[in-house]
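Asker: Sharing a structure here in structure tokens format.
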Amino acid sequence: MTKVVLIGPPGSGKTTLGRLLAQRLDLTFRDTDSDVEAVAGKAVSEIFIEDGEERFRELEHEAVRAALAEHDGVLSLGGGAILHEKTQELLGGHPVVYLEVGLADAVQRVGLGSARPLLVLNPRSQLKKLMDERRPIYERLAVLRVVTDKRDPEELVEEIVKGLPA
């Protein structure tokens with residue numbers, strides 16, 4: 001069973017903290033966006049453009065399902081993976097950590113010239129809308145919530161380790 005699942009919006013630190021957390025816990029790290037890209041043979045942004053968001057979400061759900069079944073380390077989900085109802089169901093009973101980030105920090109980390117497909121038009125406004133829509137789902141799924149704004153990654157890793165259910 002996956003030891004830790006990281007969820008949160010773009011720019012919350014899922015990949016950065018996931019790698020550090022895996023290292024700290026002597027576990028492996030896995031990112032479902034990378035899994036989707038490997039299966040599709042193309043970048044997430046290309047999947048959105050060429051195949052559409054619906055197809056991407058299907059691939060993403062399958063990647064999450066497989067990772068939760070196979071991976072026993074730290075797992076980072078794409079920011080929108082939690083939108084799929086069946087993915088939400090799969091996350092039940094797993095140690096899910098919501099990495100919360102404010103808009104200013106997320107914008108700074110993601111960058112406004114981002115290649116992220118859902119942030120193409122008016123990225124700041126789109127990111128705020130996306131964060132507002134997803135926040136209740138992130139909060140409901142999480143067993144631990146960690147605010148990442150203006151904080152050192154090592155400090156955040158320690159907070160996660162201390163806050164994880166035994």
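The values are calculated or read from the model by the stated rules, or taken from the named source; none is laboratory data. Because the structure is predicted, anything quoted here is derived from the model rather than measured. With ideal geometry, Cβ positions are generated from the backbone for all residues, glycine too; neighbour counts draw on all protein chains shown. Keep in mind that these areas ignore ligands, DNA and RNA; they rest on the heavy atoms of the full protein, side chains included. Shrake-Rupley method; radii C 1.70, N 1.55, O 1.52, S 1.80 Å.
Asker: Search the range 85-102 for residues being part of a helix (DSSP H, G or I) and open to solvent by 10 Å² or more (accessible area, probe 1.4 Å), and hand back the single one that is nearest to residue 3 (Cα to Cα).
Answerer: Per the criteria, the residue is 90.
Asker: Hey, among 34, 45, which residue is touching a helix residue (DSSP H, G or I) at 6+ places or on another chain (Cβ under 8 Å) and of a type in the set (S, T, N, Q)?
Answerer: Being touching a helix residue (DSSP H, G or I) at 6+ places or on another chain (Cβ under 8 Å) and of a type in the set (S, T, N, Q) holds for just one of 34, 45, which is 45.
Asker: Among all residue pairs at least 6 apart or on different chains, which show Cβ distances below 8 Å where the first residue, located in the range 60-84, is within 11 Å of residue 35 (Cβ to Cβ) and part of a helix (DSSP H, G or I) and the second is among the hydroxyl-bearing types (Ser, Thr, Tyr) and modelled with pLDDT under 95?
Answerer: Short answer, once both residue conditions are applied: 67/2.
For every residue, the table says whether it meets (1) of a type in the set (A, V, I, L, M); (2) modelled with pLDDT of 95 or more.
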site: 20; (1), (2): yes, yes
site: 23; (1), (2): no, yes
site: 41; (1), (2): no, yes
site: 46; (1), (2): no, no
site: 61; (1), (2): no, yes
site: 83; (1), (2): yes, no
site: 99; (1), (2): yes, yes
site: 121; (1), (2): yes, no
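Asker: Follow-up question, since we're still on this one. So, restricting to helices (runs of 4 or more DSSP H) that lie completely within the range 1-53, which ones have at least 1 residues that are buried (at least 18 other Cβ atoms within 10 Å of the Cβ) and touching a Phe, Trp or Tyr at 6+ places or on another chain (Cβ under 6 Å)?
Answerer: Here the list reads 14-25, 44-51.
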